[in-house]
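Down below is the structure, laid out as structure tokens.
Readers should treat all values here as calculations from the given coordinates under stated rules, not as data from a laboratory. Note that the structure is predicted; figures quoted are calculated from it, not measured. Backbone-built Cβ (ideal geometry, glycine too); neighbour counts: all protein chains shown.
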Amino acid sequence: MYRFIPALGALSLLLATQSGLAADVVSDKSIGMDLARDIANETIMACRAEGYHASAVVVDRHGLVRAALRDDAAARFTLEIAERKANMTVMAWSDSGVFRQAREDIRPELNHIDGLIVMEGGIRIVAGGYNIGAVGVSGAPGGDKDAECALKGIEALAERIEFAID
């Protein structure tokens, strides 16, 4: 029994040292309102150019809505679906279509979690190597077309996005 006392002391010291390394204040890189609004707008315009009436929702890296736009003729439910696609993208840190294909095994369970839906149409927003948010789109005739609109919206602002991180 006494053999374990030095080991416990060493373990206690290690744990005390590790907790001293944790930050009391955390800062992170996340998308701002202006960029989010512009990505949502460019995404809607890309869908509109193809004849689709869609909604685009941009969330930050924590899944908080930063911008939400619904095209004039888009169904009201497209806003919720777009947000859920964006949240899925943030949760997986993978475009929602890629995640859907890779994880068919857990898709039914994830679709029951409030705020998530495993469907194509959510795209990551990456700046300077950081995942700063995601855009979700709903309303085009198929998730692949939703994703294309999102990619075009992001591409329209690619230079601004890349240099958004100091």
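Would you mind checking the tilt of helix 143-156 against the longest principal axis of the Cα atoms of the chain, expressed as 0 to 90 degrees and rounded to 10? Approximately 80 degrees, to the nearest ten.
For the chain, the longest principal axis of the C-alpha atoms and the axis of helix 77-92 are separated by about 30°.
Relative to the longest principal axis of the Cα atoms of the chain, helix 33-49 runs at roughly 40 degrees.
What do you get for GluC sites (Glu not before Pro) in the stretch 90-166 restricted to DSSP loop and a cutoff of at most 12 other Cβ within 10 Å of the site's Cβ? All intermediate terms of the calculation are to be shown ahead of the outcome.
Values: sites: Glu104, Glu109, Glu120, Glu148, Glu155, Glu159, Glu162; in loops: Glu104, Glu120.
Within the stretch 90-166, the qualifying GluC sites (Glu not before Pro) (loop, at most 12 other Cβ atoms within 10 Å) are Glu104.
Tell me, how many Å apart are the Cα centres for the stretch 24-56 and for the stretch 92-157? Rounded to whole Å, the Cα centres lie 13 Å apart. Of the residues Gly121, Gly142, Gly63, the one that moves most in a GNM of the chain with alpha-carbon contacts below 10 Å is Gly142.
Take every Cα pair under 8 Å whose residues are at least 6 apart in sequence, average their separation, divide by the length of the chain, and the relative contact order is 24 percent. Applying a DSSP loop filter and a limit of 13 other Cβ atoms within 10 Å to the trypsin sites (Lys or Arg not before Pro) in the stretch 56-102 leaves Arg76.
Label separation (Glu109 vs Phe77): 2.7 nm, computed from points 7 Å beyond Cα along the C-beta direction.
What's the longest bit of the chain with no exposed chymotrypsin sites (Phe, Trp or Tyr not before Pro), using DSSP loop states and at most 16 other Cβ atoms within 10 Å as the test? Provide the component values of the computation, followed by the final result.
On the way: sites that count: Tyr2, Trp93, Phe163.
Segment 3-92 is the longest.
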